[in-house]
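Peer 1: Below is a structure I'd like to ask you about.
The values are calculated or read from the model by the stated rules, or taken from the named source; none is laboratory data. From a predicted model like this one, the values you see are computed outputs, not experimental measurements. All Cβ positions, even for glycine, are placed from backbone atoms using ideal geometry, and neighbour counts span all protein chains on display. Calculation scope for accessible area: heavy atoms of the full protein, side chains included, ligands and nucleic acids excluded. Shrake-Rupley method; radii C 1.70, N 1.55, O 1.52, S 1.80 Å.
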Amino acid sequence: MAETQVMVVDDEEIVCDRLKDQLEKSGFMVETFTESTRALKALEEKRYHVVVTDLKMAGPTGLDVLYNVRDRGLPTQVIIITGYASIEAAREAEAVGAYDFLCKPFELKDLTRMVKNAAKHAKRGMGPAGRGA
Amino acid sequence: MAGWWRRWLGRRWGEDLSTLRSRYERFQHLTDGNNRVLELMADAGDKSGGDYLFDRRYLDSLVDDLEEAVSGVVYDLNAMTDGRYIDLVDAFERVRARVRSVLAPGTEWETDSIIPLSKIDLDDLASVGEKMASLGELRSRLDVGVPDGFVVTASACRRHFRARGLDRVIAARAEELASGTASLVDIVAADLQQSIRRTPIVRSVARSLRKEIGRSERSGWTYAARSSALGEDGEHSFAGQHATLLNVRAEDAVAAYREVLASLFSSEALRYRLDRGLSVAEALMAVGFMAMVPARVSGVILTIDPASPQRDIMVVSAAYGLGPTIVQGTGPTDCFEISRDPSPRVVGRKILQKELALQPRQNGGIERITVETAKQAAACVSESELTELGRMALRIERHAGHYQEIEWAVDQEGRIVILQARALRVSPSGVPADEELVRIRAACPVLLRGRGVIACRGVGAGPVVVVRSTEDMPDFPQGGVLVTTGTSPQYSAMLARATAVVAEMGSSTGHLATVARELRVPMLVDVHEATKVLQPGMEVTVDAEENVVYSGVVRELLRYHLTAQPADADFTEFQLLRRLLRRITPLNLSDPNAENFRARSCSTYHDVIRFAHEMAVRELGEMPGLAAGERKRFVRRLQLSIPMDLDILDIGGGIAPGVEGSSVVPEDVRSVPLSALLAGLSTPGTWRTEPVDMDMKSFLSSATRTAAVGMTDAGAVRPNLAVIAKDYLNLHLLLGYHFNMVDCNLSETPTANYLYFRFVGGVTDITRRSRRARVIAAILQEYEFGVETKGDLVVGRLRNMAKEPLRQRLEMVGRLIGYTRQLDVLMRDEETVRECAQEFVEREQLSVNKTPIVENADGVR
């Protein structure tokens, strides 16, 4: 199977580092972004199977990332991470078309499982990833 | 006895029902708060294991939630007791400040210039550096031989740098490096070291250092001055890049301090920082001054051979004299391979010709000497020393949860001391991968699977040691797997020696589980029949990742676990959480009978709630002091088939709704604990009514006591009273001439459950009464009660137990009350004590099973 490209967007560096570490251990190719503006730019340049994004960030939010993916009709699956205070917003995101959401603190293996499943979904909708859009 | 009497009969004998009710409600609220704190601690302990992702907001809210819940508990206790525990408020405030300081920006790093090693543990990482923090940890928590000494803190370093303007110099040069070339590094390093060497240590720090050195107990000492840079030994090893000065004389201490500080910017250290993107401007150094060990032999032990971990052996290198021969690789060394058994054996050796050794020089510093010819070709350490060293190393490894690299020495008296210990990184190639692990697990013979609840994750192996009461505790061996029925908080004393814990009862939020998480001892609780399946001496592996106990020692699994990266080492949030937990979860007040069981001894939140709950239970136990008028209005007589008068007072859900009138029948009772007790009391055969013969002496003694009872209170002996609620029972029972008191909360929540049983008095002389007390004590111990006896007083306590086993014990207490009613008269000699206890227990086993047998789906026995 072709490598699974995963994008992680979170303005907290610890989150990016931890997720990269964990997801790479499970065999994913991971790129992290602490600035959502750059993440949006990268989405235009490259295809990702799965985007894992924080909901609340300075600049474009997780919802903006999600809308960006949806509006361009990409098969990319978006997983939203939220603090426990914003579960309602996360539900909204799910209604808009997020693959799933997770509330911090969460168990890393739950996320890994979620990313695996999301990747399967994404691959049904797209050819080999990593090439230009 | 007299004081106790007065308290019983006199206290609050004038309350009305609403006071009583509100006291009970307050108690329920306190219990809820107590459970909430235990849950928060359990949850946070879980998160600190590295399997979760969380952020700073979680830590903030954890601290807020804990604070709110603990302060509620403290408030409730004082509300229940008319403010008799005001000093607990002070204790709470102290703990609160300590906990808050962990998250307060900046302030947590400011400490005294000097901290003695005896006061240091991993909590002090940020002020004494990882190297010294872990040495302090070994000393304070594992009681491993570590030389005495003290640390000049990172705060002192910062104060010195700032006061002398060195911080600006360093920042400026760091700026240059950021834009400069590689060749510049050596120049900058030399300049910075030069600047530090040339600058006199700021007076306040130098004074503190001289004062510490000048303490009388340190007279005649020389020191090893060791670098302990912030970040060193943790994520980044900085191996050999900072200075260690040996045999430093007292008068040279300040100069040595300056020299070690300068090594913060050795070329190697500076390059290392730059390569890894570590800040140069913010580099700080703590320096440890440790008593110089005039070593006969020094060496290094690795608890696994990093070249081939699958061989599962430890490797030791050793040479005569001081350590640098080994760590700097300056001379030939002996090498040994030793097994990783609880009592390690030497399985391989290579002895070299060792002609030279380093030793302390008369006027400070070290010198090279020639080893006696006869000793040159001999092994420099003995088998027994290697065994002892191996044991010590495994203990350190177990505590750290990771393979270790340890510097050690044997002093002139033959004692082994530890000079340094750090995690040994083993390349993942030598250990099984995730998929392989699945296969390994599948191939192991399973003893218990999925029966219990994981209270602390991890893997541990060793021989099963079954502990049934606190009396067994002193015999608990190093490296044993602790198997128990109950989870008494007093058991926590054994956890430092245990490789794993399996308990038949208890919950993951109990006190013992909290301590297990703190010490990182893998633990399973609520494992039915654990003591039946796991027999003493069996070798087992407790896999508290997958909730399985395997037969035998599964080495691959242990290896995998010891190699897994300690996730918390690398991330600030994990470090913060662990520092927080160190101020929240340790339980110092484990034994309610101990001297230190006082409000002012509370130094963690766990202590505070444990103390508060214990005191609240005692308070509630003395509850039924109801005014006479109120009694008439609310108290009802229970119609029993046994000859016993019992009034009941329902304060919430204890009697079926709609039941009216001044008397009730047992069928109307809805109070779970009262029902259980009644079931016991009315078990056929329990209530013997035949008179027991008394000899004259007993009779005379009893006559006197009757008079005494009569004189105590104008109202004479009041009828027996049970205060009940749905989950609660408080019973004061005067039977003949002795009192039984039962106070019990019996609900679906194990951590809210407890049972207190108090028995005192009797008709005969004190010797016979005390004998009866000992019979009762022996029986209670048989059922895992914590027991305390004083003369003819017996107090038995159980807590944190699931509903059904506790209900069965309460029923047993009912039968015990009946059985022992006139037992003191029979207590003619010591032999009868043992016989009677045995008789009761045997009868119990015939009538009911002591522990419930719950068949699991897989039916493994």
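Peer 1: Please go through region B:228-259 and pick out each residue that is modelled with pLDDT under 65 and among the hydroxyl-bearing types (Ser, Thr, Tyr).
Peer 2: Correct list: B:Ser237 only.
Peer 1: I'd like the full set of residues that are open to solvent by 30 Å² or more (accessible area, probe 1.4 Å), more than 12 Å from the chain's Cα centre (by Cα) and not aromatic (Phe, Trp, Tyr), limited to region A:76-104.
Peer 2: Across region A:76-104, the qualifying residues are A:Ala85, A:Ile87, A:Glu88, A:Ala89, A:Arg91, A:Glu92, A:Glu94, A:Ala95, A:Val96, A:Cys103.
Peer 1: Can I ask one more? Return yes or no: is B:Val151 farther than 30 Å from B:Asp32 by Cβ and open to solvent by less than 20 Å² (accessible area, probe 1.4 Å)?
Peer 2: Considered against the rule, which asks whether it is farther than 30 Å from B:Asp32 by Cβ and open to solvent by less than 20 Å² (accessible area, probe 1.4 Å), B:Val151 comes out as yes.
Peer 1: Give B:Ala377, B:Ala409 a once-over and let me know the one that is surrounded by fewer than 14 Cβ atoms within 10 Å (Cβ to Cβ) and either in contact (Cβ under 8 Å) with a residue 24 or more places away in the chain or farther than 28 Å from B:Gly479 by Cα (or both).
Peer 2: B:Ala377
Peer 1: Hey, does region B:288-303 have a residue that's buried (at least 21 other Cβ atoms within 10 Å of the Cβ) and over 30 Å from B:Asn247 (Cα atoms)?
Peer 2: no
Peer 1: Does B:Asp526 satisfy the condition of being under 25 Å from B:Pro750 (Cα atoms), open to solvent by less than 20 Å² (accessible area, probe 1.4 Å) and under 23 Å from the mean Cα position of the chain (by Cα)?
Peer 2: Answer is no for this residue.
Peer 1: Let me ask something additional. Search region A:1-20 for residues being at the interface with chain B (Cβ under 8 Å from one of its Cβ atoms) and part of a helix (DSSP H, G or I), and hand back the single one that is surrounded by the most Cβ atoms within 10 Å (Cβ to Cβ).
Peer 2: Going through the qualifying residues, I end up with A:Arg18.
Peer 1: Turning to a different aspect of this structure: Could you tell me whether B:Val316 is aliphatic (A, V, I, L, M), open to solvent by less than 20 Å² (accessible area, probe 1.4 Å) and part of a strand (DSSP E or B)?
Peer 2: Yes; evaluated as a whole, the condition is true for this residue.
Peer 1: On to the next question. Quickly run through region B:33-47 and pick out the residues that are within 13 Å of chain A (Cβ to nearest Cβ) and modelled with pLDDT of 85 or more.
Peer 2: B:Leu40, B:Ala44
Peer 1: Next up: Restrict the check to region B:799-807 and report whether at least one residue is open to solvent by less than 50 Å² (accessible area, probe 1.4 Å), touching a residue at least 40 places away in the same chain (Cβ under 8 Å) and in a helix (DSSP H, G or I).
Peer 2: So far as region B:799-807 goes, yes, one or more of its residues are open to solvent by less than 50 Å² (accessible area, probe 1.4 Å), touching a residue at least 40 places away in the same chain (Cβ under 8 Å) and in a helix (DSSP H, G or I).
Peer 1: Follow-up question, since we're still on this one. Which members of region A:92-119 meet the condition of being part of a helix (DSSP H, G or I), farther than 28 Å from B:Ser48 by Cα and without any contact (Cβ under 8 Å) to a residue 60 or more places away in the chain?
Peer 2: A:Glu92, A:Ala93, A:Glu94, A:Ala95, A:Val96
Peer 1: I'd like the full set of residues that are open to solvent by 20 Å² or more (accessible area, probe 1.4 Å) and either of a type in the set (A, V, I, L, M) or closer than 30 Å to B:Val248 by Cα (or both), limited to region B:340-364.
Peer 2: Answer for region B:340-364, where residues must be open to solvent by 20 Å² or more (accessible area, probe 1.4 Å) and either of a type in the set (A, V, I, L, M) or closer than 30 Å to B:Val248 by Cα (or both): B:Val346, B:Val347, B:Ile351, B:Leu352, B:Gln353, B:Glu355, B:Leu356, B:Gln359, B:Pro360, B:Arg361, B:Gln362, B:Asn363.
Peer 1: Sort through B:Gly796, B:Gly818 and tell me the only one that's over 21 Å from B:Ser508 (Cα atoms), open to solvent by less than 10 Å² (accessible area, probe 1.4 Å) and within 28 Å of the chain's Cα centre (by Cα).
Peer 2: B:Gly796
Peer 1: Also, I was wondering about something else. Among strands (runs of 3 or more DSSP E) lying entirely in region B:353-410, which contain 2 or more residues that are within 21 Å of B:Ala224 (Cβ to Cβ), in contact with a strand residue (DSSP E or B) (Cβ under 6 Å, 6 or more places away or on another chain) and modelled with pLDDT of 90 or more?
Peer 2: B:404-410
Peer 1: Related question: Please go through region B:48-86 and pick out each residue that is more than 11 Å from every other protein chain (Cβ to nearest Cβ), over 24 Å from the mean Cα position of the chain (by Cα) and touching a residue at least 60 places away in the same chain (Cβ under 8 Å).
Peer 2: Within region B:48-86, B:Asp76, B:Leu77, B:Met80, B:Thr81, B:Tyr85 qualify.
Peer 1: Considering each of B:Thr767, B:Thr683 in turn, give the residue that is part of a loop (DSSP other than H, G, I, E, B), at pLDDT 50 or above and closer than 27 Å to B:Glu842 by Cβ.
Peer 2: Answer to the check: B:Thr683.
Peer 1: Under the condition of being touching a helix residue (DSSP H, G or I) at 6+ places or on another chain (Cβ under 8 Å) and assigned to a strand (DSSP E or B), which residue from region B:494-514 is nearest to B:Arg36 (Cα to Cα)?
Peer 2: Among residues in region B:494-514 that are touching a helix residue (DSSP H, G or I) at 6+ places or on another chain (Cβ under 8 Å) and assigned to a strand (DSSP E or B), the one nearest to B:Arg36 (Cα to Cα) is B:Ala503.
Peer 1: Specify the residue that is most open to solvent (accessible area, probe 1.4 Å); the eligible residues are those in region B:556-579 that are at pLDDT 80 or above and within 13 Å of another protein chain (Cβ to nearest Cβ).
Peer 2: Looking at residues that are at pLDDT 80 or above and within 13 Å of another protein chain (Cβ to nearest Cβ), I get B:Leu576.
Peer 1: Being β-branched (Val, Ile, Thr) and either within 19 Å of A:Glu12 (Cα to Cα) or modelled with pLDDT under 85 (or both) narrows it down to one of A:Thr76, A:Thr53, so name that one.
Peer 2: It is A:Thr53.
Peer 1: Now a separate question. Hey, does region B:260-278 have a residue that's hydroxyl-bearing (Ser, Thr, Tyr), touching a Leu at 6+ places or on another chain (Cβ under 9 Å), at pLDDT 90 or above and open to solvent by less than 30 Å² (accessible area, probe 1.4 Å)?
Peer 2: Scanning region B:260-278 turns up no residue that is hydroxyl-bearing (Ser, Thr, Tyr), touching a Leu at 6+ places or on another chain (Cβ under 9 Å), at pLDDT 90 or above and open to solvent by less than 30 Å² (accessible area, probe 1.4 Å).
Peer 1: What number of residues in region B:44-78 are surrounded by fewer than 16 Cβ atoms within 10 Å (Cβ to Cβ) and not basic (Lys, Arg)?
Peer 2: The total comes to 4.
Peer 1: On the given criteria, is B:Glu282 open to solvent by 40 Å² or more (accessible area, probe 1.4 Å) and at pLDDT 90 or above?
Peer 2: It is false that B:Glu282 is open to solvent by 40 Å² or more (accessible area, probe 1.4 Å) and at pLDDT 90 or above.
Peer 1: Across region A:21-63, what is the total count of residues that are buried (at least 17 other Cβ atoms within 10 Å of the Cβ), among the small types (Gly, Ala, Ser) and out of contact with any Leu (no Cβ under 7 Å at 6 or more places or on another chain)?
Peer 2: Number of matching residues: 3.
Peer 1: Can you tell which of B:Val787, B:Val742, B:Val775 is on the phi < 0 side of the Ramachandran plot, among the β-branched types (Val, Ile, Thr), within 30 Å of the chain's Cα centre (by Cα) and open to solvent by less than 10 Å² (accessible area, probe 1.4 Å)?
Peer 2: None of the other options fit; the residue is B:Val742.
Peer 1: Go through the residues of region B:373-390 one by one and say whether even a single one is among the basic types (Lys, Arg) and under 25 Å from B:Ser228 (Cα atoms).
Peer 2: Scanning region B:373-390, I find no residue that is among the basic types (Lys, Arg) and under 25 Å from B:Ser228 (Cα atoms), so the answer is no.
Peer 1: Looking at (1) surrounded by fewer than 20 Cβ atoms within 10 Å (Cβ to Cβ); (2) at pLDDT below 90; (3) away from every other protein chain (no Cβ under 14 Å); (4) in a helix (DSSP H, G or I), which is the only condition B:Asp112 fails?
Peer 2: The number of the failed condition is (4).
Peer 1: Inspect region B:428-438 for any residue being closer than 15 Å to B:Leu534 by Cα and either open to solvent by 50 Å² or more (accessible area, probe 1.4 Å) or touching a residue at least 60 places away in the same chain (Cβ under 8 Å) (or both) and give the result as yes or no.
Peer 2: No, region B:428-438 has no match at all.
Peer 1: Would you confirm whether or not region A:73-81 contains a residue that is closer than 30 Å to B:Gly49 by Cα, among the hydrophobic types (A, V, I, L, M, F, W, C) and part of a helix (DSSP H, G or I)?
Peer 2: Checked against the condition, which is being closer than 30 Å to B:Gly49 by Cα, among the hydrophobic types (A, V, I, L, M, F, W, C) and part of a helix (DSSP H, G or I), region A:73-81 yields no hits at all.
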